[in-house]
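The values are calculated or read from the model by the stated rules, or taken from the named source; none is laboratory data. Everything numeric here is computed off the predicted structure, so don't read it as measured data. Cβ atoms come from the backbone with ideal geometry, glycine included; neighbour counts cover every protein chain shown. In case anyone asks, the SASA skips ligands and DNA or RNA and just uses the protein heavy atoms, side chains included. Shrake-Rupley method; radii C 1.70, N 1.55, O 1.52, S 1.80 Å.
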Amino acid sequence: MEGFDPAINYGPNDAGISALTIVLGIIGLIAISWLFGKIYEQLAKLFEGNKKNES
């Protein structure tokens, strides 16, 4: 009897990961990155406005 080799006997779909899950994960990462960029942009504008008011 041959030994059990997980690399041969299991694939990505055996862990419940489908192509749809991978695509949604990538889209989610892009959306989160975009959201952080927008938040950073708003904070930068806020701090820039405060700097001008202090001068």
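Please work out which one of (1) part of a helix (DSSP H, G or I); (2) surrounded by 10 or more Cβ atoms within 10 Å (Cβ to Cβ); (3) at pLDDT below 95 is the condition I17 fails and give its number.
(1)
Residues in segment 35-48: is at least one at pLDDT below 85 and open to solvent by 90 Å² or more (accessible area, probe 1.4 Å)?
No, that holds for no residue.
Based on this model, can you work out whether G3 counts as over 17 Å from the mean Cα position of the chain (by Cα), part of a helix (DSSP H, G or I) and either modelled with pLDDT under 90 or aromatic (F, W, Y) (or both)?
Criteria not met by G3.
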